[in-house]
């Protein structure tokens, strides 16, 4: 038997990934789901590891942007690692909360960093803002009397 969720299986493939085509590009939406997942090679899906054998992890966040932007869904996925992951961590810390579904996440591509390894793309730099979801107060005992 498998412990894969039926709904996860039926919706496999997921929302389109955000590409960040140019500096200044910004994506904003409500967090629908997030998970920590091992990075894989784009070419063949082989799991990536660090030199010491530990898995290279990333945060995969699905947001609802409210705009189809030419796609068949308003959902988009962010594959956060490196500078983007650092920006999201900082945004969550500044929000004083935890990263929860229902919160609003904004990520902006702000520029390129310094090339540290010849032949590799310049690292992309990001800024992020995160607003936790509004908390609905629990009903008071007096409110329950009206039921």
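So, in nm, how far is label residue 44 from label residue 72 when the simple model puts each one 7 Å beyond its Cα toward the Cβ?
Output for this residue pair reads 3.0 nm.
Points 7 angstrom from Cα along the Cβ direction at residue 122 and residue 32: gap in nanometres?
3.3
Scale the Cα Rg of the stretch 54-110 by the rule-of-thumb value 2.2 N^0.38 Å and send over the ratio, two decimals.
On the way: Rg = 12.6 Å, N = 57, 2.2 N^0.38 = 10.2 Å.
Taking the Cα Rg and dividing by 2.2 N^0.38 Å, one obtains 1.24.
Jot down the per residue volume, in cubic angstrom and as a whole number, of the convex hull over the alpha-carbon atoms of the stretch 10-64.
Values: hull volume 7.2 nm³, N = 55.
In the stretch 10-64, the Cα hull volume divided by residue count equals 132 Å³.
A short reminder: the numbers here are calculations on the coordinates, not readings from a lab. Given the structure is predicted, the values throughout are model-derived calculations rather than measurements. Backbone-built Cβ (ideal geometry, glycine too); neighbour counts: all protein chains shown.
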